[in-house]
Amino acid sequence: MKVGMIGCGVISQQYLASFEQLPDVQLVAVADLDPARAEAAAEGRAGVRALTVDELLTDAEVDTVLNLTIPAAHADIDLRAIAAGKHVYSEKPFAVTTQEGAEVLVAAQQAGVLVGSAPDTVLGTGTQTARAALDQGLIGAPTAATATMVTPGHERWHPHPDFYYVPGGGPLLDMGPYYIHALVTLLGPVSAVIGAASRPRPERTIGSGPRAGESIPVSTDTHVTGVLVHESGVLSTLVMSFEAVATSAHPIEIHGTEGTLAVPDPNHFDGEVTVRRLAGEGWEPLPVTGGYGEAGRGIGLQDMAVRGPELRAGGELGQHVLEVMNAVLESSRSGTRIEIASTIARPEAVEHQEVPA
Ligand SMILES: NC(=O)c1ccc[n+]([C@@H]2O[C@H](COP(=O)([O-])OP(=O)(O)OC[C@H]3O[C@@H](n4cnc5c(N)ncnc54)[C@H](O)[C@@H]3O)[C@@H](O)[C@H]2O)c1
């Protein structure tokens, strides 16, 4: 796969660090609205050209566009790449509105190209070991789950945090993809949601970089709670917040008739899975039994390069999760339960393997 990367900001550093570990993925070009960022990303990397966005989209060598722009630009860049006949892989969230996400999938289907979507962290050993434990019946029949993510706010460390506080950002669209991709990977698709959300503070203050001290307006909900009704009948309770200092809750807990599984942070590839058995005492760590070991951001691209249309971090999963997240926000506004139109099979489990294959 010959990749052209659009968007050379904070997260691009993690992708740039992983490319050498991905045997079937080769970075050949980079672009950014800010040409200096593209030049910096290409510097010292043999075979990687810094181009304009338009040049990259029509470049003959590029067959796949890796979209690392801000959420508001995801669908537009994807659609332009698809129109140029390229496969696309987008950072999360898949798009901002459910409608524009759907347009990307339709365009890709018509063009006969593949669509991938972050997060690929759930292909790592943390979520996949939990998946293997569930599939082996370790906690009996799953009944319920919780997903908890709290932080005081990314403006404390991100030098350009504006996108976190507009539609497409907020704790749900920013961090929710990790947790809901994991919940769908573990428990299957969601058929309905109920949400409640708040936005207590109108402004945030940038804490680092050249704009430190600058106030930015908040135009999206910053504390979001919801209940996801899975097709299986399992109920997941979600707390996603930029309004809390800390939590001691496990990032994800899955409850079943025979035990409770504690799943590590789905924003990381690894981490310890523990179980508390109905008949046992205390939390027992589980050995690693699933997932790509030593993985970093970009493993989803490798999975796409090898598996083609069977890719696990696929656009349809990204779109299902986007629909779920927007429905939680819509439910919070309307005060009603929202049915989810899309559905998706659980992505195939990843067998434990150290080297991507
Ligand atoms: N920062 C993180 O820790 C992190 C982690 C995981 C995922 N992400 C996701 O990655 C994406 C990018 O986040 P980031 O933190 O790197 O943001 P960033 O603001 O640091 O970088 C985004 C880059 O995209 C460029 N850009 C914006 N619109 C563009 C367009 N239309 N065409 C070309 N370039 C454009 C900007 O100039 C900037 O260089 C977001 O979707 C975010 O949710 C970020």
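Looking at G290, G335, G318, G298, just one residue is touching a residue at least 12 places away in the same chain (Cβ under 8 Å) and out of contact with any Phe, Trp or Tyr (no Cβ under 9 Å at 6 or more places or on another chain), and that residue is G290. When we screen P189, P152, P171, P177 for residues that are touching a residue at least 24 places away in the same chain (Cβ under 8 Å), away from the ligand (no atom under 15 Å from the Cβ) and within 21 Å of L317 (Cβ to Cβ), the only hit is P189. Among the residues of segment 297-320, the ones that are under 13 Å from the mean Cα position of the chain (by Cα), of a type outside the set (D, E, K, R) and in a loop (DSSP other than H, G, I, E, B) come to 2 in all. Inside segment 27-65, can you point out the residues that are part of a helix (DSSP H, G or I) and either loosely packed, with under 14 Cβ neighbours inside 10 Å or not basic (K, R) (or both)? Within segment 27-65, P35, A36, A38, E39, A40, A41, A42, V53, D54, E55, L56, L57 meet the criteria.
Among the candidates S90, S18, S12, the residue that is without any contact (Cβ under 8 Å) to a residue 60 or more places away in the chain and under 29 Å from Q353 (Cβ atoms) is uniquely S12.
Against the test of being under 23 Å from T220 (Cα atoms), of a type in the set (G, A, S) and either within 15 Å of the ligand (Cβ to nearest atom) or free of Cβ contacts under 8 Å to residues at least 40 places away in the same chain (or both), the options A29, A83, A75, A42 yield a single qualifying residue, A75.
If you go through segment 16-26 and keep only what is within 16 Å of the ligand (Cβ to nearest atom) and surrounded by fewer than 15 Cβ atoms within 10 Å (Cβ to Cβ), you end up with just A17. Under the condition of being among the hydrophobic types (A, V, I, L, M, F, W, C), within 28 Å of L235 (Cβ to Cβ), within 24 Å of the chain's Cα centre (by Cα) and open to solvent by 10 Å² or more (accessible area, probe 1.4 Å), the residues counted in segment 252-296 number 1. Does segment 231-239 contain any residue that is surrounded by 21 or more Cβ atoms within 10 Å (Cβ to Cβ) and either within 14 Å of the ligand (Cβ to nearest atom) or within 21 Å of the chain's Cα centre (by Cα) (or both)? Yes, segment 231-239 contains at least one residue that is surrounded by 21 or more Cβ atoms within 10 Å (Cβ to Cβ) and either within 14 Å of the ligand (Cβ to nearest atom) or within 21 Å of the chain's Cα centre (by Cα) (or both). In the set (1) closer than 30 Å to G293 by Cβ; (2) more than 10 Å from the ligand (Cβ to nearest atom); (3) without any contact (Cβ under 8 Å) to a residue 12 or more places away in the chain, V106 fails one condition alone, (1).
Against the numbered list (1) within 12 Å of the ligand (Cβ to nearest atom); (2) more than 21 Å from the chain's Cα centre (by Cα); (3) touching a residue at least 24 places away in the same chain (Cβ under 8 Å), N67 comes up short only at (2). No other residue among A132, A81, A145 is in contact with a helix residue (DSSP H, G or I) (Cβ under 7 Å, 6 or more places away or on another chain) and within 30 Å of G259 (Cα to Cα) apart from A145. Could you please let me know if M1 is surrounded by 15 or more Cβ atoms within 10 Å (Cβ to Cβ), within 18 Å of A295 (Cβ to Cβ) and at pLDDT 95 or above? Considered against the rule, which asks whether it is surrounded by 15 or more Cβ atoms within 10 Å (Cβ to Cβ), within 18 Å of A295 (Cβ to Cβ) and at pLDDT 95 or above, M1 comes out as yes. Across segment 306-355, the number of residues qualifying as open to solvent by 50 Å² or more (accessible area, probe 1.4 Å) and of a type in the set (A, V, I, L, M, F, W, C) comes to 4. Residues G153, G170, G116, G85: which one is open to solvent by 10 Å² or more (accessible area, probe 1.4 Å) and not aliphatic (A, V, I, L, M)? Testing whether each residue is open to solvent by 10 Å² or more (accessible area, probe 1.4 Å) and not aliphatic (A, V, I, L, M) leaves just G85.
Of all residues in segment 257-279, at least one satisfies being at pLDDT below 95 and part of a loop (DSSP other than H, G, I, E, B).
The values are calculated or read from the model by the stated rules, or taken from the named source; none is laboratory data. What you are looking at is a predicted structure, and each value in this text was computed from that prediction instead of being measured. No Cβ is skipped: glycine too gets one built from the backbone with ideal geometry, and neighbour counts run over all protein chains shown. The area values use the complete protein model at the heavy-atom level, side chains included, leaving out ligands, DNA and RNA. Shrake-Rupley method; radii C 1.70, N 1.55, O 1.52, S 1.80 Å.
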